[in-house]
Amino acid sequence: MSTLPAPRIDLSTPLKFAYWVPNVSGGLVVSTIEQRTDYSFDYNKKLARIAENSGFEYALTQARYAASYGADKQHEATSFSLALLGATERLKVIAAVHPGMWHPGVLAKFMITADQLSNGRAAVNVVSGWLKDEFVNFGLPWLEHDERYVRTEEFIRVLRGLWTEQGYSQQGKYYNINNFTLKPSPVDVPGRPHPEVFFGGNSTAAQATAGRVADWYFSNGKDLEGFSENIAGVTASAAEVGRRPRFGLNGFVIAGDSEKEARETLREIVAKAHKPAVQGFRDAVQEAGASTKDGKGMWADSSFEDLIQYNDGFKTQLIGTPEQIATRIVEYKKRGVNLMLTCYLHFQEEVAAFGRDILPIVRELESEAARAHGTELNNDLLPVTALQGASA
């Protein structure tokens, strides 16, 4: 029997929803199946407006420098995120960044500017990095696995310090900050001491780091038991220092009029997989997973089929009718999920359909679950949506 502390289950706070920004060509599955998704800014600007009008609160912009996942084009994450913030009114945009490619002081300043320009909607996803070629071919130092998380923890502490303190100093192995003040400060948002810091990673080192310094821990796709196991180390690490990070989970959504129809779409995605690209990605990420001391790195247990959606989105099994998908989402909430990070074949159409067909069922089921446990869903925390629908 596990003696690790359990995550705090918050049934009164509505789930938050995010989507992966398709700022990379080729969509979010490495397959030749049709994907009516485009990496251009015009497409993404319309998508962002659809999303915020459909009940989505966050968007996550991907960071990659070398072509990967079978894609040959990709926009840089921070600049793309800033553009999306300028094109929206309520959506929070999370830009993925790599320590070792950014100095945390420079990023802290960039994020403050983005936060000021967007009235407090900028966030960051700190990615320790697994693709060695990107660092080496840029002429940057490549750190071994656990050492990357030492650097990441220092990186996040610098961000938080510069955002919240004047005359901040920090002496570390990788960063030395001496009596530095950034002005202006981030926007003063009630309940948010600074721009939110997201972070992911399956290894023991990653989980320990997340518990100590992250506001949110992102998990690759997992089944129900796998998710509970994945966040146990984060919860334990956070408890040691009196913290309570929140948890996000990746899932690829395939909705159909019947479960059979949705499953057939999944079978077609797999049958049309771009095999050389998936295999190349598999080789790279599983080498990264094997580099951990305990073999628990991201993608360490992912099959070829899992990696067709390169963040294990099929494992979450958000596949079926709207009712089935909503029911499964709320089951994850009962395990500690606070945010669902979603992706799709056809982003604009399916994000709108998610808000129209699935999200209302999620809210009904959340209300029922809250009442069953002696509380109520706090509807005051529900995001504002457009009454006219998501066609804007």
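The values are calculated or read from the model by the stated rules, or taken from the named source; none is laboratory data. Just so you know, these numbers come straight off a predicted model, no measurement behind them. Counting neighbours? That spans all protein chains shown, and the Cβs are built from the backbone with ideal geometry, glycine included. Only protein heavy atoms, including side chains, enter the accessible area calculation; ligands, DNA and RNA are left aside. Shrake-Rupley method; radii C 1.70, N 1.55, O 1.52, S 1.80 Å.
Condition check: part of a helix (DSSP H, G or I) and open to solvent by 10 Å² or more (accessible area, probe 1.4 Å). Does D10 satisfy that?
Spelling it out, it is not the case that D10 is part of a helix (DSSP H, G or I) and open to solvent by 10 Å² or more (accessible area, probe 1.4 Å).
Filter the range 301-321 for residues that are among the hydrophobic types (A, V, I, L, M, F, W, C) and more than 18 Å from L359 (Cβ to Cβ); which is most open to solvent (accessible area, probe 1.4 Å)?
Here is the first cut: in the range 301-321, the residues among the hydrophobic types (A, V, I, L, M, F, W, C) are 304, 307-308, 314, 318-319.
This time we only want the ones that are more than 18 Å from L359 (Cβ to Cβ), so: 304, 307-308, 314.
Numbers: F304: 40, L307: 0, I308: 0, F314: 13 Å².
This residue is F304.
Please determine, by comparing only the residues of the range 57-76 that are in contact with a helix residue (DSSP H, G or I) (Cβ under 7 Å, 6 or more places away or on another chain) and among the hydrophobic types (A, V, I, L, M, F, W, C), which one is farthest from G200 (Cα to Cα).
The qualifying residue farthest from G200 (Cα to Cα) is A66.
On the given criteria, is R49 within 30 Å of E364 (Cα to Cα), open to solvent by 10 Å² or more (accessible area, probe 1.4 Å) and in contact with a helix residue (DSSP H, G or I) (Cβ under 8 Å, 6 or more places away or on another chain)?
In short, yes.
Quick one: is F17 outside any loop (DSSP other than H, G, I, E, B) and either of a type in the set (A, V, I, L, M, F, W, C) or within 19 Å of H346 (Cβ to Cβ) (or both)?
Considered against the rule, which asks whether it is outside any loop (DSSP other than H, G, I, E, B) and either of a type in the set (A, V, I, L, M, F, W, C) or within 19 Å of H346 (Cβ to Cβ) (or both), F17 comes out as yes.
Looking only at the range 176-210, how many residues end up being open to solvent by 60 Å² or more (accessible area, probe 1.4 Å) and either small (G, A, S) or more than 24 Å from the chain's Cα centre (by Cα) (or both)? So that I can check it myself, show each step before the final result.
Going residue by residue through the range 176-210, those that are open to solvent by 60 Å² or more (accessible area, probe 1.4 Å) are 176, 178-180, 183-185, 188, 190-191, 193, 204.
With either small (G, A, S) or more than 24 Å from the chain's Cα centre (by Cα) (or both) added as a condition, the list becomes 176, 178-180, 183-185, 191.
Residues meeting the conditions: 8.
Go through the range 97-146 and give me each residue that's touching a Lys or Arg at 6+ places or on another chain (Cβ under 8 Å) and in a strand (DSSP E or B).
Answer for the range 97-146, where residues must be touching a Lys or Arg at 6+ places or on another chain (Cβ under 8 Å) and in a strand (DSSP E or B): P99, A122, A123.
What number of residues within the range 322-351 are touching a residue at least 40 places away in the same chain (Cβ under 8 Å) and either open to solvent by 20 Å² or more (accessible area, probe 1.4 Å) or on the phi > 0 side of the Ramachandran plot (or both)?
11
Kindly indicate whether R36 is touching a residue at least 40 places away in the same chain (Cβ under 8 Å), open to solvent by 20 Å² or more (accessible area, probe 1.4 Å), among the charged types (D, E, K, R) and in contact with a Ser or Thr (Cβ under 8 Å, 6 or more places away or on another chain).
Numbers: touching a residue at least 40 places away in the same chain (Cβ under 8 Å): yes; open to solvent by 20 Å² or more (accessible area, probe 1.4 Å): yes; among the charged types (D, E, K, R): yes; in contact with a Ser or Thr (Cβ under 8 Å, 6 or more places away or on another chain): no.
No: the conditions fail for R36.
Here's the yes/no breakdown for (1) closer than 30 Å to D380 by Cα; (2) among the β-branched types (V, I, T); (3) outside any helix (DSSP H, G or I):
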residue	(1), (2), (3)
G27	no, no, yes
E34	no, no, yes
K46	yes, no, no
I50	yes, yes, no
A59	yes, no, yes
Y65	no, no, yes
L84	yes, no, no
E89	yes, no, yes
A95	yes, no, yes
